[in-house]
Amino acid sequence: MAGVSVPKKKFKKATDRNLLKRRLREAHRQHKYLLLTDLKRKEENLVILYIYQGKHIASYQEVENLIVHGMNLLHKKTGLSKG
């Protein structure tokens, strides 16, 4: 399960906030398998909250790269790959 947040203080226009939220959600949806298979195997749950802290509107590719990097780090830190 994942939630996303983009601060109104940094992005005044709702269209900009919504664009970033869509990009975050889509990147998570595309790559959630990196964690999901091991979580299901271990019968565990994980809740992730993405809070966008950038000052500019990042491209989808930038967002996707950061999401994948974060998921890989989380996978290692939680020890999900270990039996």
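The values are calculated or read from the model by the stated rules, or taken from the named source; none is laboratory data. Just so it is clear, the model here is predicted, and its values are computed rather than measured. All Cβ positions, even for glycine, are placed from backbone atoms using ideal geometry, and neighbour counts span all protein chains on display. Side chains are part of the model used for accessible areas, which takes the heavy atoms of the whole protein and leaves out ligands, DNA and RNA. Shrake-Rupley method; radii C 1.70, N 1.55, O 1.52, S 1.80 Å.
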Exactly one of 21, 42 is out of contact with any His (no Cβ under 7 Å at 6 or more places or on another chain), surrounded by fewer than 16 Cβ atoms within 10 Å (Cβ to Cβ) and either on the phi < 0 side of the Ramachandran plot or in contact (Cβ under 8 Å) with a residue 60 or more places away in the chain (or both), and that residue is 42
What number of residues within the stretch 34-59 satisfy the criterion of being within 12 Å of the chain's Cα centre (by Cα) and farther than 17 Å from residue 77 by Cβ? 2
Suppose we filter the stretch 1-18 for residues that are open to solvent by 100 Å² or more (accessible area, probe 1.4 Å) and within 20 Å of residue 68 (Cα to Cα); how many remain? 1
Residue ID - modelled with the lowest pLDDT, chosen from residues in the stretch 46-83 that are small (Gly, Ala, Ser) and open to solvent by 40 Å² or more (accessible area, probe 1.4 Å): 83
Quick check on my filter: what residues within the stretch 60-72 are over 12 Å from the mean Cα position of the chain (by Cα) and over 22 Å from residue 16 (Cβ atoms)? none
